[in-house]
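What follows draws every value from the coordinates through simple rules; no lab data is involved. As the structure is a computational prediction, the values presented were derived from the model and not from experiment. Neighbour counts are summed over all protein chains in view; Cβ atoms, including those assigned to glycine, are modelled from backbone coordinates with ideal geometry.
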Amino acid sequence: MRTLFVTGPGGSGRSTVAAATAQQARAAGLRTLLLDAERLDAAGHFRREALALQERAATALDLFGAQRLDDDELTPLPGADELALLTAVRDAHRSDAYDLLVVDLPPTAKALATLALPTQLRRYVRRLLPPERQAARALRPMLAQLAGVPMPAQWLYDAAAQWDAHLAGVQAVIESADTAVRLVVEPGPAGADALRTAVLGLALHGLRIERVLANRVLPQGSADPWLASLAAQQDKVLAQWRGEGLPVAEVPHLGRDPRGAEDLAALAVPAPGDVPPREEWPITDRLAEDGLLEWRIPLPGAVRDELDLVRRGDELVVTAGQFRRIVPLPSALRRCTVAGAGLKDGELGIRFTPDPGLWPQERPTT
């Protein structure tokens with residue numbers, strides 16, 4: 001199944017375009033499912049998950065004399081909507097009933113945070129409950145007999161393993177070769193700034209843009225000077241986007257808010273196109289020149305003053321504007337120290353020096 005995430009700045013018309021995309025795909029013969037975060041029962045999903053976790057932890061809760069929560073007193077916590085949407089995405093992929101999944105995401109910044117959530121939560125769970133700590137699980141039955149009660153640590157690790165598997169399934173969908181993002185923006189100064197920010201955030205998280213839909217494009221040749229001026233401004237922005245190599249398609253302004261299937265069809269949004277290949281972050285071998293390795297990260301639209309890098313063990317914390325991502329270093333670079341970094345032509349190059357104490361040494365010839 002292919003997945004198309006639809007997002008854009010607030011007020012750009014992304015929900016309308018998502019609905020029009022799904023309708024167009026159905027008309028083209030694709031079995032299509034449209035998911036909308038606002039129509040999901042996030043509260044019900046949260047209550048079910050919380051009660052299930054409470055049931056798994058029943059022994060530990062009773063051991064400590066904790067009072068259990070009832071269904072009617074559970075209210076969703078921040079992030080419940082996003083987790084409900086991601087769970088629905090994962091569940092849809094377990095079905096063979098559809099060819100295409102169109103997901104109407106929140107505005108861009110929140111959408112990127114949502115798509116990054118599985119990776120971040122998996123990292124948190126693994127840091128708090130490292131799987132290797134379960135090596136002593138064989139001793140727990142004996143300890144439980146000595147103590148006379150079940151060991152509470154076991155359910156905690158089991159719950160962590162279940163959550164990790166759950167999040168891994170969602171992460172697999174987001175990182176799939178059949179998943180891409182459709183960006184919806186209005187061509188104008190504000191839209192241009194929003195698009196630059198969105199492209200940067202998507203690149204940092206390794207998400208691919210299927211198409212940029214310039215929404216509410218005005219017709220040319222209006223007799224009204226004000227409308228003609230706005231149309232000329234839009235045309236200039238569209239030419240700039242195309243000059244930057246962005247896959248732009250235009251969606252016309254209907255002169256009214258679209259309502260119903262006929263208006264959605266009139267928007268004539270393009271059918272889902274090919275998913276571009278994932279852009280890898282290559283490591284360049286420069287040992288022959290200056291003894292360095294360079295890791296190149298594509299960050300189109302990045303500004304030097306808004307970039308920040310921090311090495312934390314075997315991870316690299318990359319901050320670009322309002323976005324941040326923690327990425328594991330490739331195995332070759334874990335045996336190196338950071339020697340510097342530079343931004344050139346929309347690409348961040350991070351230079352590493354092999355650590356003599358960790359890097360394999362050539363055996364002396366005899």
Counting only residues 5 or more apart in sequence or on a different chain, those whose built amide H sits under 5 Å from that of E347 are L299
Can you give me the distance in nm between label points at E347 and A223, each placed 7 Å from the Cα along the Cα-to-Cβ direction?
5.4
Per-residue counts of other Cβ atoms within 10 Å, averaged by peptide: what ranking do you get for 295-303, 307-315, highest first?
295-303, 307-315
Expected output is a single nm value to one decimal: the length gained when fully extending between A165 and L230, i.e. 0.36 nm times separation in residues minus the C-alpha distance. What is it?
18.4 nm
Estimated vicinal HN-Hα couplings, Hz - segment 344-351 in sequence order (Karplus 6.51, -1.76, 1.60; Gly, Pro = x)
8, 6, x, 9, 8, x, 10, 9
For R208, residues with placed amide H under 5 Å, excluding near neighbours
V181
Phi-derived 3J(HN,Hα) across segment 279-284 with the Karplus relation (6.51, -1.76, 1.60, θ = phi - 60°), rounded Hz, x for Gly and Pro, is 7, 6, 9, x, 9, 9
Amide H partners (placed H, <5 Å) of A339, local residues excluded
R351, F352, T353
With θ set to phi - 60° and the Karplus curve 6.51 cos²θ - 1.76 cosθ + 1.60, what are the ³J(HN,Hα) couplings of segment 263-273 in order, to the nearest whole Hz, using x for Gly and Pro?
5, 4, 5, 5, 5, 6, 5, x, 5, x, x
